[in-house]
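The values are calculated or read from the model by the stated rules, or taken from the named source; none is laboratory data. The structure displayed is predicted, hence computed values, not measured ones. Cβ: placed from backbone, ideal geometry, glycine included. Neighbour counts: every protein chain shown. Note: areas computed on protein heavy atoms with side chains; ligands, DNA, RNA excluded. Shrake-Rupley method; radii C 1.70, N 1.55, O 1.52, S 1.80 Å.
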Amino acid sequence: MKKLYLVCLLFILGLVSFAETYTKTEQREIVKQFGVFQSALKGKKFDKTAEVIYFPLSYEFEDAETASENKNEFFKSLKDLTLPKVDTKTNKISKYSKKGNSKTCDFEVTNKFVSSDDSEFLENYGVNTDKYFVVTASYFTTSDDTDLIDGCAGYNTYFFQLKNKELKLVKKVELP
């Protein structure tokens with residue numbers, strides 16, 4: 001009877017997937033390194049910024065050389081990442097939001113830690129099932145104005161990973 005229970009337990013454990021998540025220590029390290037990355041972006045320090053990025057970042061920036069040749073556009077493409085405030089004392093990154101008006105979009109930058117079991121979210125972005133630190137900048141509106149609604153539907157989503165104890169921007173997904 002004990003063998004039967006053991007076999008059943010092993011079978012059930014084989015079916016259950018264990019989600020990989022960042023530990024609290026890893027999350028603190030990510031927040032700290034994200035703050036350093038933000039400083040490099042704000043100061044337009046290309047070398048410091050580029051060492052965090054796995055290229056190709058997007059179709060515009062296939063490698064560090066093309067990014068370096070087009071520095072202004074490169075920094076502009078990452079400006080959303082400079083908006084949330086990093087507090088390394090509380091280990092928090094605040095959400096950034098800016099309310100639009102009748103002619104402009106609302107704007108929000110959020111962040112979250114995504115575990116490997118959030119496969120539907122990750123598959124929607126064409127990202128491998130793994131653990132990530134994700135920052136999303138969204139343009140939207142609550143207006144009924146059709147023209148404004150069409151112009152306000154867009155987002156940039158940035159996928160970071162902690163690889164060999166270093167924060168890396170591994171993918172950027174853009175929708176208009």
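Assorted remarks:
- By the helix-only formula, in which each DSSP H run with n ≥ 4 contributes -39500 (n - 2.57) and the sum is divided by residues, the chain has a 222 nm mean residue ellipticity of -10000 deg cm²/dmol.
- With N counted as the residues of the stretch 24-175, its alpha-carbon radius of gyration over 2.2 N^0.38 Å works out to 1.07.
- Dimensions of the stretch 85-174 based on its C-alpha atoms, expressed as ranges along the principal axes with the largest first, amount to 47, 33, 18 Å.
- Residue-normalised accessible area of the stretch 24-175, expressed per residue, 1.4 Å probe, Å²: 59
- The loop-placed trypsin sites (Lys or Arg not before Pro) in the stretch 119-170, going by DSSP, that have at most 10 neighbouring Cβ atoms within 10 Å of their Cβ come out as LYS165.
- Heavy-atom accessible surface of the stretch 15-153: percent carbon and sulfur, 1.4 Å: 47
- For the stretch 70-129, the Kirkwood hydrodynamic radius from C-alpha pairs, put into Stokes-Einstein at 10 °C and a viscosity of 1.306 mPa s, yields a diffusion coefficient of 110 µm² per second.
- The longest part of the chain holding none of the exposed loop GluC sites (Glu not before Pro), meaning those outside H, G, I, E and B in DSSP with at most 16 other Cβ atoms within 10 Å, is 63-176.
- Amide hydrogen neighbours beyond the local backbone of VAL127, cut-off 5 Å, H modeled: none
- VAL173-THR23 pseudo-label distance in nm [points 7 Å out on the Cα-to-Cβ vector]: 2.9
- In the chain the longest region clear of chymotrypsin sites (Phe, Trp or Tyr not before Pro) that are loop-assigned by DSSP and have at most 10 other C-beta atoms within 10 Å covers 60-176.
- Mean Cα-pair separation over length for the chain, i.e. relative contact order, pairs under 8 Å, 6 or more apart, %: 21
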